[in-house]
Amino acid sequence: MSVTRFILSGDVQNETVIEKNVQTDLLIPFIDIAQPLYIKRILGVAQYDDLTNAIITNSGLTNFTGFTTAYQNLLNQIRTPLCYLTWYEAFPFTHYKMTNKGIVLKSSTENDTTSASMADLEKLRVQVYNWSSFWLEELKQFLRNNKDSYPLWREDIFYQKDFLSGSTVSNTRYFNGIQFDNTLYYDSVNKND
C-alpha cells in the first residue's frame, strides 16, 4: 500500500536528535507506518484523505504554493508529532536488523562506540513515547482551536483512545439498556472455588 507522506524523510532528522549520518531511506518505512497508525486516527478518514489528495494534486510537499493557508498550517502542525512517531516506530530497528540469519544486533563500524543495552533502549523509547504523546495532544488542541478551518475534521467526544499506550477512555454517559448484576456473577464464581 502506497502512502502519500505528510513529511519528508529529512524532516525526521531535523525535528529529532537522529543524527544526519543516518540514511534517510531507512526512515521512510517508519513514516509509512506512523502516519496512518497515529495521524490518520487524529485527523479522521475524511480530513486525512482530503489532505492526501491536496498533496497529490500539488505534486508533493516540495511546493507549498498550491496549498491553502489552512493546509500549510495543518502540515506544519503534523510535522513534529509525525517525526517523533516515526522515531518511536523506528527505534527498535535502529539497533537490530533482520537478515537471512535471523534478527541480529547491528555492530558499529567506529571503534569508540558500543551498542546500547536493551534496558537503555527501553528507557529511551519511553522518553520518545512521552514526547510523541505531548505532540499528539498539541495537534489535537490545534484542530480543536481551528475547527472552522478544517470542516472535515470531527473530534470523537464519546470515545477517546491513547493511541500509543492503547488504553481506552470512554466519555460517554450512554446507557445501552443492558445491565449485568455483578453480585450474581461473583457469587457463582466464588461457589465454584
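The values are calculated or read from the model by the stated rules, or taken from the named source; none is laboratory data. Fair warning: this is a prediction, and the values are worked out from it, not measured in the lab. Counting neighbours? That spans all protein chains shown, and the Cβs are built from the backbone with ideal geometry, glycine included. Surface accessibility is based on the protein's heavy atoms, side chains included, excluding ligands, DNA and RNA. Shrake-Rupley method; radii C 1.70, N 1.55, O 1.52, S 1.80 Å.
For the range 1-29, give me each residue that is in contact (Cβ under 8 Å) with a residue 40 or more places away in the chain, of a type in the set (A, V, I, L, M, F, W, C) and more than 22 Å from residue 50 (Cα to Cα).
Selection gives 12, 18, 22, 26, 27.
Restricting attention to the range 72-84, which residues are in contact (Cβ under 8 Å) with a residue 60 or more places away in the chain and farther than 15 Å from residue 51 by Cα?
Taking the range 72-84 as the starting set, the residues that turn out to be in contact (Cβ under 8 Å) with a residue 60 or more places away in the chain are 73-75, 77-80, 82-84.
Scanning the range 72-84 gives 80, 83, 84.
Residues of the range 1-27 being farther than 22 Å from residue 130 by Cα, open to solvent by 30 Å² or more (accessible area, probe 1.4 Å) and either in contact with a helix residue (DSSP H, G or I) (Cβ under 6 Å, 6 or more places away or on another chain) or among the hydrophobic types (A, V, I, L, M, F, W, C) (or both), which ones?
Scanning the range 1-27 gives 1, 4, 5, 8, 20, 22, 24, 26.
Out of the range 43-59, which residues are in contact (Cβ under 8 Å) with a residue 40 or more places away in the chain, surrounded by 13 or more Cβ atoms within 10 Å (Cβ to Cβ) and part of a helix (DSSP H, G or I)? First the steps, then the outcome.
Of all residues in the range 43-59, those in contact (Cβ under 8 Å) with a residue 40 or more places away in the chain come to 43-44, 46-47, 50-52, 55-56.
Filter once more, keeping what is surrounded by 13 or more Cβ atoms within 10 Å (Cβ to Cβ): 43-44, 46-47, 50-52, 55.
43, 46, 47, 50, 51, 52, 55 - these are the residues of the range 43-59 that are in contact (Cβ under 8 Å) with a residue 40 or more places away in the chain, surrounded by 13 or more Cβ atoms within 10 Å (Cβ to Cβ) and part of a helix (DSSP H, G or I).
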